[in-house]
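For reference, the structure discussed in these notes is given below.
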Amino acid sequence: MPATIRYLTHPQVLIEPNKDVRKWSLNQAGFDRVAALAARPGALIGTGRVISSPEIKALETAAPLARALGLELETRPRMHENDRSATGFLPPEEFETVADQFFAAPDDSARGWETANQAQRRIVTEIQTCLATPGDGDVLFVGHGAVGTLLFCALSRIGIDRRYDQGPGGGGNWFEFDLQHQRPLQGWQPMEALMNQG
């Protein structure tokens, strides 16, 4: 039975406006942060499973960590980021406006996006499905900021609110919860805080 479950978001990405966002890669800063964490496998000692979203940027985060831990990477299609394909790439300022709408009106579709309530049900169900499978050790989920925030809100038993997102900086943050109580044990922390634990 896993003692600790962690949800880690991918770090900084290379923004390519003409490419499907789901196929974006990490940028050099993102790769460097992942490499630094992978070089400290003691930071995630006790981890028995690494489970990732299928999006490229998440896989580029999860795969090096799984290798460093000597684990086979599991991929779960329904762990993807909130579906924003209706708009595709949006310039940063416009994106932030639509993201605010996404969180502020969870039942409504912002410009055709998957609603926040739909995305929350999806990520919570997928996490619970994974945790229902017996395993030894801790579990590391690797995913995305928006659905990570929705998961955090659900586990905290609070309404959906962007105030609880991972904040600025381009990602690469995590929180943890225990299997029994399934409540966050702390707020978002940078992945470097995991290195300090190791």
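The numbers here are math on the coordinates, done by the rules we state, and not lab data. All of these numbers come straight from a predicted model, not from anything done at the bench. Glycine gets a Cβ as well: all are built from the backbone with ideal geometry, and neighbour counts include every protein chain shown.
In the chain, the DSSP-assigned H stretches of four residues or longer account for a calculated mean residue ellipticity at 222 nm of -11500 deg cm²/dmol, using -39500 (n - 2.57) per stretch and the full residue count as denominator.
Between Ala104 and Ala3, the simple spin-label model (points 7 angstrom out along Cα→Cβ) gives 4.4 nm.
For the range 156-198, the residues whose amide N sits under 17 Å from a probe point set 7 Å from the Cα of Ile45 along the beta carbon direction are 193-198. A simple spin-label model places pseudo-atoms 7 Å from Cα toward Cβ; at Gln28 and Ile158 they are separated by 3.8 nm. Between Pro168, Pro41, Pro134, the residue with the greatest mean-square fluctuation in the GNM of the chain (Cα pairs under 10 Å linked by springs) is Pro168. In the range 20-113, Rg over Rh equals 1.06, where Rg is the alpha-carbon radius of gyration and Rh the Kirkwood radius from pairwise Cα distances. Based on every Cα atom in the range 103-198, Rg and the maximum pairwise Cα distance Dmax equal 13.9, 43 Å. Over all Cα atoms in the chain, the spread is summed up by Rg and Dmax: 15.8, 44 Å.
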